[in-house]
1. Under 8 Å for C-alpha pairs, at least 6 residues apart: give me the relative contact order for the chain, rounded to a whole percent.
2. Could you give the distance between the Cα centres of the stretch 468-523 and the stretch 263-300, to the whole Å?
3. Expressed in whole Å with the largest first, what are the equivalent ellipsoid semi-axes of the stretch 6-113 derived from the C-alpha gyration tensor as the square root of 5 times each eigenvalue?
4. Which value in Å does the Kirkwood hydrodynamic radius of the stretch 100-180 take, with 1/r averaged over all unlike C-alpha pairs and then inverted?
5. At 37 °C and 0.692 mPa s, grab the translational diffusion coefficient of the stretch 49-203 from Stokes-Einstein with a Kirkwood Rh over Cα pairs, rounded to a whole number in µm² per second.
6. Using only the Cα atoms of the stretch 342-489, what do you get for the radius of gyration and for Dmax, in Å?
7. Would you mind computing the Rg to Rh ratio of the stretch 224-368 from its alpha-carbon coordinates, Kirkwood style for Rh?
8. Could you compute how fast the stretch 131-342 diffuses translationally, taking Rh as the Kirkwood radius over C-alpha pairs and applying Stokes-Einstein at 20 °C with viscosity 1.002 mPa s? Give it in µm² per second.
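Since every read-out is calculated from the coordinates, none of them should be taken as a lab result. Worth saying up front: this structure is predicted, and the values here are computed from it rather than measured. Cβ sites come from the backbone with ideal geometry, for glycine too, and all protein chains shown count toward neighbours.
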Amino acid sequence: MSDNLRTIIVCQGTGCVSGGAEQVYSLLQEEISRLNLSASVELKSTGCHGFCQRGPLVVVEPDGIFYSKVVPEDIPDIAQSFLPDGRPVERLFYFDTAINRPLTCYHDIPFYYKQQRLVLRNCGHINPESIDDYLDSGGYQTVRTALFDMSPEQIIEEVKRSGLRGLGGAGFPTGQKLEACYVEESDQKYVICNADEGDPGAFQDRSVLEGDPHAVIEGMIIAGYAVGADRGYVYVRAEYPLAVKRLKIAITQARERGFLGKGIFGSNFDFDVEIFQGAGAFVCGESTALVLSIEGKRGLPKPSPRPRTTMSGLWGKPTLLNNVKTFANIPLIIEHGSTWFASRGTENSKGTAIFSLTGNVVNSGLVEVAMGTRLREIIYDIGGGVPDGRAFKAVQTGGPSGGCLPAELLNLPVDFDSLTKAGSMMGSGGMVVMNQDTCMVDVARYFLDFTRRESCGQCIPCRVGTKQMYDILDDICRKQGRPGDIELLEELGQSIAKTSLCALGQSAPNPVLTTIRYFRDEYEAHIREGYCPAGVCLAYQ
């Protein structure tokens with residue numbers, strides 16, 4: 001191989017694949033061969049680069065040249081740029097409207113350089129279907145460190161000191177959960193990775209599994225050793241075929257290399273992982289419902305009071321259950337130490353947060369920032385602000401059960417406690433930006449429609465209450481609202497939040513309560529003044 005070897009990286013995440021990335025890869029392969037460039041140019045596919053809006057994406061390393069929105073017609077020009085007299089294809093560069101010029105390299109683009117990509121460290125850089133790529137990045141070395149240089153107690157203590165909290169939404173301290181499972185006496189324990197990501201607009205768990213599946217497996221192995229479990233399950237949606245495919249490949253490769261199975265690294269520790277594909281019920285993201293689903297039963301949350309899954313989980317055995325991103329962080333903590341990890345974030349929210357940034361924003365995609373980063377920085381510095389000169393109106397964080405926050409809260413730091421205090425939550429990591437043309441009553445109706453449909457129907461507050469709230473919102477949007485509807489929505493929402501069986505019902509009223517809290521004037525305009533300020537609700541036009 002030449003010392004001047006260049007690598008053409010083609011994003012093969014779901015977003016780029018849907019835009020034709022597989023054809024782009026195939027045509028690049030043909031052109032490289034036709035131009036006899038194979039000795040100086042290699043082609044490589046990776047998982048999601050994060051900048052999904054600009055896909056299909058092609059990156060040239062080591063130069064860092066970034067091409068976006070690549071189509072088959074661009075392939076000859078890209079390939080010819082590697083000839084001795086070739087030049088980069090400028091029309092495919094990202095154009096930064098803030099400075100009114102194209103940017104050649106991805107590390108110059110604000111969307112990338114203002115992020116702190118820890119969980120996403122390998123996504124877009126390694127081939128997720130090649131274990132050798134993962135090993136070259138240092139993969140599985142933390143398993144060796146954990147097995148031979150650390151005791152389970154030391155691992156647990158290190159994770160506790162790191163301050164890592166569960167990144168599936170609840171934010172429970174990960175170290176405490178490890179310790180709770182570790183102290184349980186049992187002949188069998190399990191580890192479960194919750195990849196049942198069902199929120200509209202959220203795709204970070206999916207992207208991690210598609211782009212860096214071995215990092216999740218490595219985190220599960222270390223966690224299994226720490227709590228004394230020898231078996232793990234990844235609960236992933238069947239609607240994520242690419243994630244399932246790459247996870248299967250990764251598990252097979254890890255077994256072949258001896259990283260899964262009997263006597264890992266020649267130790268006396270056994271651990272293996274298998275995939276369980278869920279059928280798409282949103283409520284199965286709740287821990288007890290997920291466990292029942294794996295057991296072959298209907299996924300229904302168990303009523304409180306109930307033992308935690310760390311005491312009695314899968315088949316009644318102690319079970320450690322965490323999110324994809326939580327497990328992907330564990331190898332980082334073991335490799336770099338708790339102090340390094342805790343140096344990012346706020347006092348009570350350490351490390352990074354990952355958001356699927358979507359909606360009325362210039363740059364949409366997958367964003368990873370330090371906990372405590374302000375909403376304004378994410379939406380304007382990384383996201384590029386609201387397009388077409390429209391004004392920012394609101395942002396919803398945390399998925400369909402999250403809250404809608406107004407412009408006056410743009411300086412709010414993004415962490416577990418700050419979002420909760422504002423009436424929203426970290427949740428699944430969805431972040432939907434809305435502009436001035438958005439009707440907040442209609443938005444509340446939209447999200448409540450999703451959660452009421454996904455209710456398991458087991459408890460009356462969620463089953464009946466969300467339907468009642470939806471009907472009131474629907475009446476308001478149809479010009480049939482009545483005086484007292486706003487107060488009734490508040491009363492119903494507060495009651496449902498307090499009395500529902502599980503987190504789905506307890507958080508379902510959030511979009512309604514926060515839109516009333518911050519945009520009450522829009523509700524009053526619909527009901528008392530007879531018009532929709534945004535001009536969205538057709539009945540008012």
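1. RCO, the chain: 13 percent.
2. Distance between centres, Cα-based: 35 Å.
3. 21, 16, 12
4. Evaluated over the stretch 100-180, this radius sits at 15.9 Å.
5. Estimated diffusion coefficient is 166 µm²/s.
6. Gyration radius and largest Cα-Cα distance of the stretch 342-489: 16.6, 53 Å.
7. Ratio of gyration radius to Kirkwood radius for the stretch 224-368: 0.99.
8. 126 µm²/s
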